[in-house]
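Okay, so here's the structure we're looking at.
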Amino acid sequence: MSDTHARTTAFVRDTMLPEAPAPIAQRGAVKWLRENLFSGWMNTALTLASLYVIWWLLAHITPWFGNAVWNANSLAECRAILDGRSGACLGVIRDRWHQLLFGFYPPQHYWRPVLALVLLFGALAPMLFSNLPRRLLWLSALYPFVAYHLLWGGSIWIPVVAAAGFGVGALAWRLITPYTALGAILAALVTPILWWVLAAGAVAGALTSVAPLGLEFVRSDRFGGFLISLVIGISGISLSLPLGVLLALGRKSDMLLLRSVCIIFIEFIRGVPLITLLFTASLLLNYFLPPGTSFDLILRVIIMVTIFAAAYIAEVVRGGLAALPRGQYEAADSLGLDYWRSMRLIILPQALKISIPGIVNTFIGLFKDTTLVVFIGLLDPIGLSNAIRADTSWNGIYWELFIFIGALFFVFCFGISRYSMYLERKLSRGHR
Amino acid sequence: MNKTVLLGSIAAASALVAGAASANTLQEVIDRGEVRCGVSTGLAGFSAPDANGVWQGFDVAMCRAVAAAVLDDPMAVEFVPTTGQTRFTALASGEVDVLARNTTWTFTRDVDLNLRFVGINYYDGQGFMVRGDLGVGSATELDGATVCIQTGTTTELNLADYFRANGMEYEPVPIETNAEAQQQYLAGACDVYTTDVSGLAATRASFADPENHVILPEVISKEPLAITVRDGDDRWAGVVQWTFFALVAAEEMGITSANIAELAQGTDNPEINRLLGTEGELGSMLGLDPEWAIRAISAGGNYGEIFAANIGDGTPIGLARGLNAQWTQGGLLYAPPFR
């Protein structure tokens, strides 16, 4: 035995071998490459084909951007500078960027839309991030009036008096609530309308004559480019969400008349292409309105875009409502909550959370759909690219303009989509 | 085209309703202090905003002349960009007072849509452009060619008629817009691009190598592009029409923006005197003052000056006068006498 042992000891190590690195093929980048890119002849072929496509694209795009010409005042000048090489003529962006962004907005007033956009983020912050003080929501509520005044200008008293309508409604509600709840709701609805229709014009006129304050008035036909996309898109988004939620609730309502009206509205609007609604806004509404009234085209478009998006939002939210277990509705009822409280406190928070991806999807679609206004002669970025090409200096230029416009849209849509992912993560964490 | 006709019919049907509001356009324009002018959303040489947002072009100049005649300010124009679909309704509904948007004068538009075509400011026609290396010298040699053609336009029908009449075959490549057509043509997707000759010239001017492309001599259709107003307001139609004729007559009589101040002092030529208001009462008959024509001509010059500045030989578009020369030069421009 001991012999055996004595003979074998020579082969027994008494020290541990140091850990050897894994073979080169089994670690790091090589392993990753082998597993993910070259794991079989099929994947290897696909990888090589993809690499070739990427190389081919870069080989064409890089010199195109690398040779970009900024200091040219016409396409012909660009071509002379490039002298036969392939290159982007970004001089058109330098020459016309202000038009693509602001349309024909007076240059000395560019700060107004810029400020309105900055304030927009300020106004959105309390709505988007729940860790900010809730009081800030009052400032957000004021934002539409501030933005209107910044963008269009005119007498400062018009938005003030319009905002006062809501104050009048709240006052009526306060005064009547102690006596009758239903009457208070009706009064809160009717008095602002009476105020706007009967009193607002006269009051604004009187205040203007006493104190003519305000920014210089900018007409709607000066709006264009990305400004018009943002004005239509953001108004459409912010107005269509509440309208869509109400429509969804109406469609689920037990009241036959209300339900039928909502169903007809949603199905009719969803069944019609947006472009048809835009043509209606630009062509037919003029005939229905009394002669001589000229109703701002941008406003008409905003109304049409809003009801179009609201119909889609309504169906998205209805999906969220349908996804909630029946028990949630019954639980809300068993707590003795009335309809609005149960919706506000129990049903909608859950339903809207489920609907977030669909709602954001609709918003992004709506924002991109604003480019359809080109067909009714509004000069949005796409329309302006056409108009810029009609200038003899820039006739024949395509990619530069479309890449610029595409980049602008991408920034906004990507931002919206990132925020929605943040929101989903945050809300789902609360339920873990 | 069908869509246009349909929309136009709606416009016509509703014109009775809207018409009441616009019975006195001249007074409305004076009260508003601004002429509303429908132009295209962008057509090289005819209407386009420049880098400062000021509209420029041949059609635009017509509107400025009207504004100068009526309001004494060529800049007192609100330009309303209109598309092929919205242009006639915009006019019928009163959104614009005058339409200067390369609109072809046709029977149905004039009679059925209740438009009033007051003057042909550009005689256009459909033509063909080919690459020079094809060695084609005439449209009759185009048998078997692939042709880029905008769908849903009269040019499509004209093309079919022309090839059938000449016993030739062609393969259409349907495209939607002029911009797309340029790309397709340059990429070699079609041998021939066909549209109005003015459009071909503007397109060719935008190429890197315009000398390698040929516009064939054949013009296969008549496209009289006219200034248009609403039916039912003869006073306003007269103002627009005679403002245009004043520009044409000024060229014929040799009145330019350079010598007009001198000629307005009075000349030995009674027709010039009548036009410029030093003799007779032509202005007041239109409901304007005697200097109306002086202002209209001073705004952008006479017809020839406007043509030369926007689409003529000296511009990148480089159109020859051709049919748009004065009748004395072998063209079709012919203003009735100012008397």
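The values are calculated or read from the model by the stated rules, or taken from the named source; none is laboratory data. Please read all numbers here as calculations on a predicted model, not as lab measurements. A quick note on method: Cβ atoms are made from the backbone with ideal geometry, for glycine too, and the neighbour counts reach across all protein chains shown.
Where helices (runs of 4 or more DSSP H) sit wholly within region A:3-102, those with at least 2 residues that are loosely packed, with under 14 Cβ neighbours inside 10 Å and β-branched (Val, Ile, Thr) occupy A:41-66.
At least 2 residues being polar (S, T, N, Q) is the threshold, and among the helices (runs of 4 or more DSSP H) wholly inside region A:331-402 those reaching it are A:348-369, A:381-390. Do we find that B:SER138 is within 12 Å of chain A (Cβ to nearest Cβ), on the phi < 0 side of the Ramachandran plot and in contact with an Asp or Glu (Cβ under 8 Å, 6 or more places away or on another chain) in this structure? When the stated conditions are applied, B:SER138 does not pass them. Within the option set A:TRP173, A:TRP195, being farther than 30 Å from A:LEU423 by Cα, part of a helix (DSSP H, G or I), in contact (Cβ under 8 Å) with a residue 24 or more places away in the chain and touching a helix residue (DSSP H, G or I) at 6+ places or on another chain (Cβ under 8 Å) holds for one residue only, A:TRP195. The residues in region A:383-400 that are more than 10 Å from chain B (Cβ to nearest Cβ) and of a type in the set (A, V, I, L, M) can be counted, and the count is 0. Note on region B:210-231: residues that are farther than 14 Å from B:PRO316 by Cβ and within 11 Å of chain A (Cβ to nearest Cβ) total 0.
In this structure, A:LEU423 qualifies as more than 10 Å from chain B (Cβ to nearest Cβ) and either surrounded by 14 or more Cβ atoms within 10 Å (Cβ to Cβ) or on the phi > 0 side of the Ramachandran plot (or both). The listed residues are B:ALA23, B:ALA15, B:ALA11, and the only one of them that is farther than 29 Å from A:LEU101 by Cα, at pLDDT below 85 and surrounded by fewer than 20 Cβ atoms within 10 Å (Cβ to Cβ) turns out to be B:ALA23.
Checking the structure you have, find out if any residue of region A:274-295 is loosely packed, with under 15 Cβ neighbours inside 10 Å, more than 14 Å from every other protein chain (Cβ to nearest Cβ), aliphatic (A, V, I, L, M) and within 27 Å of the chain's Cα centre (by Cα). No, every residue in region A:274-295 fails to be loosely packed, with under 15 Cβ neighbours inside 10 Å, more than 14 Å from every other protein chain (Cβ to nearest Cβ), aliphatic (A, V, I, L, M) and within 27 Å of the chain's Cα centre (by Cα). Go through the residues of region A:220-233 one by one and say whether even a single one is farther than 30 Å from A:LEU401 by Cβ and surrounded by fewer than 20 Cβ atoms within 10 Å (Cβ to Cβ). No, that holds for no residue.
Candidates A:ALA184, A:ALA188, A:ALA163: the one that is touching a Gly at 6+ places or on another chain (Cβ under 7 Å) and part of a helix (DSSP H, G or I) is A:ALA188.
Quick one: in region B:43-77, which of the residues that are within 13 Å of the chain's Cα centre (by Cα) and at positive phi is modelled with the lowest pLDDT? Here the residue is B:GLY45. Anything in region B:38-59 that is of a type in the set (A, V, I, L, M) and in a loop (DSSP other than H, G, I, E, B)? List them, or say none. Matches in region B:38-59: B:ALA44, B:ALA51, B:VAL54. Filtered by the rule that a residue be polar (S, T, N, Q) and either at negative phi or in contact with a His (Cβ under 6 Å, 6 or more places away or on another chain) (or both), region B:86-122 gives B:THR86, B:THR89, B:SER93, B:THR103, B:THR104, B:THR106, B:THR108, B:ASN121. The number of residues in region A:188-219 that are loosely packed, with under 15 Cβ neighbours inside 10 Å and within 30 Å of B:VAL54 (Cβ to Cβ) comes to 4.
Number of residues in region A:393-411 that are among the hydrophobic types (A, V, I, L, M, F, W, C) and either modelled with pLDDT under 90 or closer than 17 Å to A:LYS353 by Cβ (or both): the value is 3. Can you find even one residue in region B:186-200 that is part of a helix (DSSP H, G or I), away from every other protein chain (no Cβ under 14 Å) and in contact (Cβ under 8 Å) with a residue 24 or more places away in the chain? There is at least one residue in region B:186-200 that is part of a helix (DSSP H, G or I), away from every other protein chain (no Cβ under 14 Å) and in contact (Cβ under 8 Å) with a residue 24 or more places away in the chain.
So that you can scan it fast, the table gives a plain yes or no per residue for (1) buried (at least 22 other Cβ atoms within 10 Å of the Cβ); (2) away from chain A (no Cβ under 14 Å):
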| position | (1), (2) |
| --- | --- |
| B:ALA44 | yes, no |
| B:ALA51 | no, no |
| B:THR86 | yes, no |
| B:LEU91 | yes, no |
| B:ILE120 | no, yes |
| B:VAL130 | yes, yes |
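Only one entry of A:LEU366, A:LEU348, A:LEU352 meets the criterion of being touching a residue at least 60 places away in the same chain (Cβ under 8 Å), more than 21 Å from the chain's Cα centre (by Cα) and away from chain B (no Cβ under 14 Å), and that entry is A:LEU348.
The sole residue among B:GLY280, B:GLY254, B:GLY287 that is surrounded by fewer than 18 Cβ atoms within 10 Å (Cβ to Cβ), small (Gly, Ala, Ser) and more than 28 Å from the chain's Cα centre (by Cα) is B:GLY280. Could you name every one of the helices (runs of 4 or more DSSP H) located completely within region B:60-169 that has at least 3 residues being under 30 Å from B:ASN302 (Cβ atoms)? Result: B:87-92.
Would you confirm whether any residue within region B:53-61 is closer than 20 Å to A:ILE376 by Cα, more than 8 Å from chain A (Cβ to nearest Cβ) and acidic (Asp, Glu)? Among the residues of region B:53-61, at least one is closer than 20 Å to A:ILE376 by Cα, more than 8 Å from chain A (Cβ to nearest Cβ) and acidic (Asp, Glu), which makes the answer yes.
For B:PHE79, state whether it is under 29 Å from A:ALA281 (Cβ atoms), in contact (Cβ under 8 Å) with a residue 24 or more places away in the chain and away from chain A (no Cβ under 14 Å). Here the answer is no, as B:PHE79 does not meet what is asked.
Given A:ALA88, A:ALA80, which one is free of Cβ contacts under 8 Å to residues at least 24 places away in the same chain and among the hydrophobic types (A, V, I, L, M, F, W, C)?
On inspection, the qualifying residue turns out to be A:ALA80.
Being surrounded by fewer than 19 Cβ atoms within 10 Å (Cβ to Cβ) and in contact (Cβ under 8 Å) with a residue 24 or more places away in the chain: is that true of B:ALA309 here? Criteria met by B:ALA309.
Hey, any hits in region B:296-305 for a residue that's among the β-branched types (Val, Ile, Thr), within 16 Å of the chain's Cα centre (by Cα) and surrounded by 14 or more Cβ atoms within 10 Å (Cβ to Cβ)?
Going residue by residue through region B:296-305, those that are among the β-branched types (Val, Ile, Thr) are B:297.
The next check asks that each one be within 16 Å of the chain's Cα centre (by Cα); those that pass are none.
Within region B:296-305, not a single residue is among the β-branched types (Val, Ile, Thr), within 16 Å of the chain's Cα centre (by Cα) and surrounded by 14 or more Cβ atoms within 10 Å (Cβ to Cβ).
Under the condition of being modelled with pLDDT of 85 or more and touching a helix residue (DSSP H, G or I) at 6+ places or on another chain (Cβ under 6 Å), the residues counted in region B:204-218 number 8. Counting the residues of region B:27-42 that are at the interface with chain A (Cβ under 8 Å from one of its Cβ atoms) and over 22 Å from A:SER385 (Cα atoms) gives 0. Checked against the criteria, A:GLY122 counts as within 29 Å of the chain's Cα centre (by Cα), without any contact (Cβ under 8 Å) to a residue 40 or more places away in the chain and in a helix (DSSP H, G or I).
Condition check: of a type in the set (Ser, Thr, Tyr) and either buried (at least 18 other Cβ atoms within 10 Å of the Cβ) or over 27 Å from A:VAL231 (Cα atoms) (or both). Does A:SER155 satisfy that? Spelling it out, A:SER155 is indeed of a type in the set (Ser, Thr, Tyr) and either buried (at least 18 other Cβ atoms within 10 Å of the Cβ) or over 27 Å from A:VAL231 (Cα atoms) (or both).
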